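Undergrad: There's a structure below that I have some questions on.
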Amino acid sequence: MQTIRGFRDILPEQIPLWQRVEKEASYLFESFGYSEIRIPVLEKTALFARSIGETTDIVEKEMYTFEDRKGDKLTLRPEATASICRSYIQHKLYATDPVRKFYLTGPMFRRERPQKGRYRQFYQIDAEVFGVESAYIDSELIFLLNELFKRLGLTGLSAHVNSLGCPECRPGFQKALLDFLGERKEALCENCQRRIKKNPLRILDCKVETCKQALEGAPATVDHLCSACDDHFAIVCASLEKQGVKFHVDKTLVRGLDYYTRTAWEIQTTALGAQSAVAGGGRYDRLVEELGGPPTPAIGFAIGFDRLVEVMEQLEIQVQPREMDLYILPLGDAALEKAYHWSCELNRQGIRTETDFRGKSMKALMKRANKLNAPFVLIVGENELAENQVILRNMETKEQISLDIDTLIPELTKRLK
Ligand code: HAM
């Protein structure tokens with residue numbers, strides 16, 4: 001049996017990097033006042049169709065959707081924002097505090113063509129803020145991302161920021177886009193021909209070469225903002241600059257999900273070939289209301305965890321797993337029983353101890369102790385046991401001392417802690 005295409009195991013050897021990121025991220029999120037939220041991986045299909053958008057690639061082509069035994073249409077979540085909004089509305093999370101900040105880490109599912117940096121089950125670290133209209137929260141989120149990447153030692157990333165406008169200015173932009181397209185409309189792919197009527201902004205995100213060519217020189221949303229959106233975006237840019245966050249305004253950035261209004265951004269890398277976005281986010285001031293909640297400004301981002309780890313690997317950022325403190329080497333049945341009890345007790349006290357229950361020879365066990373990089377070995381031999389003694393060996397200096405069994409645990413705790 002093998003994993004399904006696009007699905008993969010994250011093996012123990014790779015885990016220290018993942019844990020390092022998780023630790024740093026949750027520490028930083030908690031500092032900024034975010035609380036962790038955990039939500040199901042399975043939701044009603046309609047939730048994603050309505051929020052991400054019927055004409056997006058995700059909803060049109062990439063969702064794992066099926067009917068369960070009762071005929072309910074369900075989907076493995078392709079992202080977390082829609083589900084967090086659902087939870088926010090369902091539990092009236094706005095009632096306890098007008099400002100709520102959440103973070104989440106977990107698997108997402110999209111049936112894309114697998115390649116480096118692109119999987120069908122992938123992980124995101126997601127952050128969402130509800131109830132803040134001010135542009136400073138947009139900057140704070142981008143600052144937070146930047147700070148996290150800095151702490152993780154990442155280099156060579158660039159922040160692309162754009163404003164997609166709001167329902168006030170979007171129609172004006174759409175008209176300008178359609179005017180621009182004029183007779184170029186014929187050059188667009190079949191999908192985009194459909195999108196012209198339903199959702200012209202999506203055309204700007206099309207990956208088909210002929211569409212890309214037809215769109216060269218197309219109007220940009222930032223050039224068609226209403227004054228409120230323009231002011232908002234000016235504050236975002238100015239406050240990022242003031243904090244020393246490097247970014248550039250990327251007029252071509254539209255993002256692949258429909259719910260965005262105003263600020264949208266991506267953190268990109270050149271390290272992963274075609275898969276350049278390590279994180280993406282934006283404001284979605286209409287979504288909570290569209291899903292049946294009270295009007296609530298909202299904004300968030302998601303980091304592609306798999307991609308982030310791959311960039312760290314490329315930069316040769318390494319994290320050592322926790323080292324062992326003591327390896328107990330039991331020789332004979334009586335020693336095995338003692339080793340088992342001592343190992344339980346020492347681990348309970350926070351001394352990372354391992355023993356070996358296989359009844360192997362001294363030579364074989366010493367070989368394993370070396371392989372496991374144990375700094376100390378406790379040799380429990382029959383002769384020593386008869387004298388109420390064990391031997392503690394320092395593997396680096398090769399120095400050995402005898403310890404009394406009656407005071408063994410406190411003695412070891414003192415020496416090894
Ligand atoms: P997204 O841009 O679709 O945004 O995904 C965010 C990040 O997830 C991407 O930048 C990428 O690093 C990673 N990612 C996406 N698809 C894959 C894949 N197939 N394999 C590996 N990594 C992938 C969202 O999902 C929005 N929910 C972000 C957001 C939160 N906006 C507001 N709040």
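The values are calculated or read from the model by the stated rules, or taken from the named source; none is laboratory data. Note that the structure is a prediction, hence the values are computed from the model and not measured. Positions of Cβ are backbone-derived with ideal geometry, glycine not excepted, and every protein chain shown enters the neighbour counts. Ligands, DNA and RNA are stripped out before the accessible areas are found, and what is left, the full protein with its side chains, is counted by its heavy atoms. Shrake-Rupley method; radii C 1.70, N 1.55, O 1.52, S 1.80 Å.
Undergrad: Scanning segment 209-251 for residues that are closer than 30 Å to Arg151 by Cβ and polar (S, T, N, Q), which turns out most open to solvent (accessible area, probe 1.4 Å)?
TA: Filtering first and then ranking leaves Gln243.
Undergrad: Looking at segment 325-360, which of its residues are open to solvent by less than 30 Å² (accessible area, probe 1.4 Å) and out of contact with any helix residue (DSSP H, G or I) (no Cβ under 9 Å at 6 or more places or on another chain)?
TA: Ala339, Ser343
Undergrad: For residues in segment 37-58 being assigned to a helix (DSSP H, G or I) and more than 12 Å from the ligand (Cβ to nearest atom), which is surrounded by the fewest Cβ atoms within 10 Å (Cβ to Cβ)?
TA: Out of the qualifying residues, it is Ala46.
Undergrad: Also, I was wondering about something else. If the requirement is being more than 12 Å from the ligand (Cβ to nearest atom) and touching a Pro at 6+ places or on another chain (Cβ under 8 Å), which of these qualifies: Gly71, Gly131?
TA: Gly131
Undergrad: Out of all the residues in segment 230-269, which are in a loop (DSSP other than H, G, I, E, B) and more than 16 Å from the ligand (Cβ to nearest atom)?
TA: If the condition is that a residue be in a loop (DSSP other than H, G, I, E, B) and more than 16 Å from the ligand (Cβ to nearest atom), then Gln243, Gly244, Val245, Lys246, Lys251 are the ones that fit.
Undergrad: Would you point out which residue out of Asp68, Asp57 is among the acidic types (Asp, Glu) and over 21 Å from Tyr260 (Cα atoms)?
TA: One residue alone meets the criteria, Asp68.
Undergrad: Looking at segment 61-101, which of the residues that are among the charged types (D, E, K, R) and open to solvent by 60 Å² or more (accessible area, probe 1.4 Å) is nearest to the chain's Cα centre (by Cα)?
TA: Lys61
Undergrad: Under the condition of being touching a helix residue (DSSP H, G or I) at 6+ places or on another chain (Cβ under 8 Å) and within 7 Å of the ligand (Cβ to nearest atom), which residue from segment 106-125 is modelled with the lowest pLDDT?
TA: Checking each candidate, the answer is Gly117.
Undergrad: I would also like to ask the following. Here are Arg307, Arg352: which of them is basic (Lys, Arg) and either within 16 Å of the ligand (Cβ to nearest atom) or at pLDDT below 95 (or both)?
TA: Every option except Arg307 fails the conditions.
Undergrad: Then there is this: Taking the criterion of being within 16 Å of the ligand (Cβ to nearest atom), open to solvent by 10 Å² or more (accessible area, probe 1.4 Å) and in contact with a strand residue (DSSP E or B) (Cβ under 6 Å, 6 or more places away or on another chain), would at least one residue in segment 314-323 satisfy it?
TA: No, because not a single residue in segment 314-323 is within 16 Å of the ligand (Cβ to nearest atom), open to solvent by 10 Å² or more (accessible area, probe 1.4 Å) and in contact with a strand residue (DSSP E or B) (Cβ under 6 Å, 6 or more places away or on another chain).
Undergrad: Output the residues belonging to segment 32-51 that are among the aliphatic types (A, V, I, L, M) and under 19 Å from the mean Cα position of the chain (by Cα).
TA: Ile37, Ile39, Val41, Leu42, listed by residue number.
Undergrad: For segment 1-26, give me each residue that is open to solvent by less than 100 Å² (accessible area, probe 1.4 Å), of a type outside the set (D, E, K, R) and part of a loop (DSSP other than H, G, I, E, B).
TA: Thr3, Gly6, Phe7, Ile10, Leu11
Undergrad: Oh, and also: Which pairs do you get when a residue that is farther than 23 Å from Glu36 by Cα and in a strand (DSSP E or B), found in segment 107-135, comes within reach of a residue that is within 7 Å of the ligand (Cβ to nearest atom) and modelled with pLDDT of 95 or more, reach meaning Cβ atoms under 8 angstrom, with the pair 6+ apart or on two chains?
TA: Partner pairs satisfying both residue conditions: Arg118/Glu112.
Undergrad: Identify, from the list Ala374, Ala364, Ala339, the residue that is in contact with a Leu (Cβ under 7 Å, 6 or more places away or on another chain) and modelled with pLDDT of 95 or more.
TA: After applying the criteria, what remains is Ala374.
Undergrad: Right, next: If Val99 satisfies all but one of (1) within 12 Å of the ligand (Cβ to nearest atom); (2) in contact with a Phe, Trp or Tyr (Cβ under 8 Å, 6 or more places away or on another chain), what's the number of the condition it fails?
TA: With respect to (1) within 12 Å of the ligand (Cβ to nearest atom); (2) in contact with a Phe, Trp or Tyr (Cβ under 8 Å, 6 or more places away or on another chain), Val99 is out only on (1).
Undergrad: Select from segment 202-233 the residues that are more than 21 Å from Gly53 (Cβ to Cβ) and among the acidic types (Asp, Glu) and list them in ascending order.
TA: Within segment 202-233, Glu209, Glu216, Asp223, Asp230, Asp231 qualify.
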